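Q: What follows is a structure written as structure tokens; I'll ask about it next.
The values are calculated or read from the model by the stated rules, or taken from the named source; none is laboratory data. Not measured: the values here are computed from a predicted model. Note that we place each Cβ from the backbone using ideal geometry, even for glycine, and neighbour counts take in every protein chain shown.
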Amino acid sequence: MKKMKWQIKLGSMLLILSAVLYYINYVIFHDLHHMFLFFLEDLAFIPIEVLVVTMIIDRVIEKREKQHLIQKLNIIIGVFFTEAGTEILKFCASNDENVGDIKDELIITNSWSDSDFNKATKLINNHKYSIKIEDVDLEKVKSFLVSKKDFTMRLLENPNLIEHETFTELLNSILHLEQELISRDISTLSKDDIDHMEIDIKRVYKYILIEWVYYMRHLKKKYPYLFVTAIDNNPFKKI
């Protein structure tokens, strides 16, 4: 409401200023015919000005703002993988009973093109994720996730994440898994608990794998020197 009042006041002041200037013009030159003619010409040009501003200038500004936002998001995702994401991905992949179906296809190299990254994305979307809880050191997982809880919460507080739904879902799924591990006695898990835990881990696994491929594509395009380090640390090389 305050913003609208400010706009109304500004609009009124501009209209009054315009009327005053037209009046001064008339007082000095006494040429109502030409003044009215120029007024109509200016009025006729307004739709063109609106077209230029709304369809061209606004679009250019919006594109730049979107690129800037994407850059910020990629920085956040990079910090996540450096701090916690790579370790979580290593844990998930090393406990995936079907990892053999995808690991060779996810050995990313410098020669990868957009087509290769698209194939990788399709591969992980169709992958049958399988985690056998009995073989997982859940106490170690819980300890790691608890140690990263504050970090994960700070990432979620970033307003820019609204524009990246998948990454937000990843962070939420990590926090959910951590809460599930805390709320249960890991030494005496029931069959239902085990089934539920497997679903939670597979959810984290899928989301983090999607984000990892996305992030690796970004590094290859924007930061080749970081990309070299990232492909050396590829978790699928050590499985």
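Q: Would you point out the residue of the range 184-196, among those that are part of a helix (DSSP H, G or I) and in contact (Cβ under 8 Å) with a residue 24 or more places away in the chain, that is farthest from PHE167 (Cα to Cα)?
A: To start, the set of residues in the range 184-196 that are part of a helix (DSSP H, G or I) comprises 186-188, 191-196.
Still in the list and also in contact (Cβ under 8 Å) with a residue 24 or more places away in the chain: 186, 194.
Numbers: ILE186: 28, ILE194: 25 Å.
By that ranking, first place goes to ILE186.
Results for (1) in contact with a Gly (Cβ under 9 Å, 6 or more places away or on another chain); (2) of a type in the set (Ser, Thr, Tyr), shown as yes or no for each residue.
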position	(1), (2)
ASP135	no, no
PHE144	no, no
ARG154	no, no
ASN158	no, no
GLU165	no, no
SER173	no, yes
SER187	no, yes
MET197	no, no
TYR215	yes, yes
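Q: Considering the range 187-239 alone, what residues qualify as being crowded, with 16+ Cβ neighbours inside 10 Å, closer than 16 Å to ALA84 by Cα and not β-branched (Val, Ile, Thr)?
A: Correct list: TYR205, LYS206, TYR207, LEU209, GLU211, TRP212, TYR215, MET216, ALA230, ASN234, PRO235.
Q: Inspect all residues belonging to the range 96-117 and state whether any of them is among the charged types (D, E, K, R), surrounded by 14 or more Cβ atoms within 10 Å (Cβ to Cβ) and either modelled with pLDDT under 90 or farther than 17 Å from VAL213 by Cα (or both).
A: yes
Q: Further, regarding this structure: Within the range 105-173, considering only helices (runs of 4 or more DSSP H) that don't extend past its boundaries, which have at least 2 residues that are farther than 16 Å from ILE76 by Cα? Reasoning before the result, please.
A: Numbers: elements: 114-126, 138-147, 149-156.
The helices (runs of 4 or more DSSP H) meeting that bar are 114-126, 138-147.
Q: Within the range 197-211, identify whether any single residue is at pLDDT 90 or above, closer than 28 Å to GLN71 by Cα and not in a helix (DSSP H, G or I), and answer yes or no.
A: no
Q: Then there is this: Consider ILE16 carefully, then state whether it is of a type outside the set (Asp, Glu), surrounded by 10 or more Cβ atoms within 10 Å (Cβ to Cβ) and modelled with pLDDT of 75 or more.
A: Working: of a type outside the set (Asp, Glu): yes; surrounded by 10 or more Cβ atoms within 10 Å (Cβ to Cβ): yes; modelled with pLDDT of 75 or more: yes.
It is true that ILE16 is of a type outside the set (Asp, Glu), surrounded by 10 or more Cβ atoms within 10 Å (Cβ to Cβ) and modelled with pLDDT of 75 or more.
Q: Shifting gears a bit: Scanning for something without any contact (Cβ under 8 Å) to a residue 12 or more places away in the chain, of a type in the set (Lys, Arg), surrounded by 11 or more Cβ atoms within 10 Å (Cβ to Cβ) and under 30 Å from TYR214 (Cα atoms), does the range 80-94 turn up at least one residue?
A: No.
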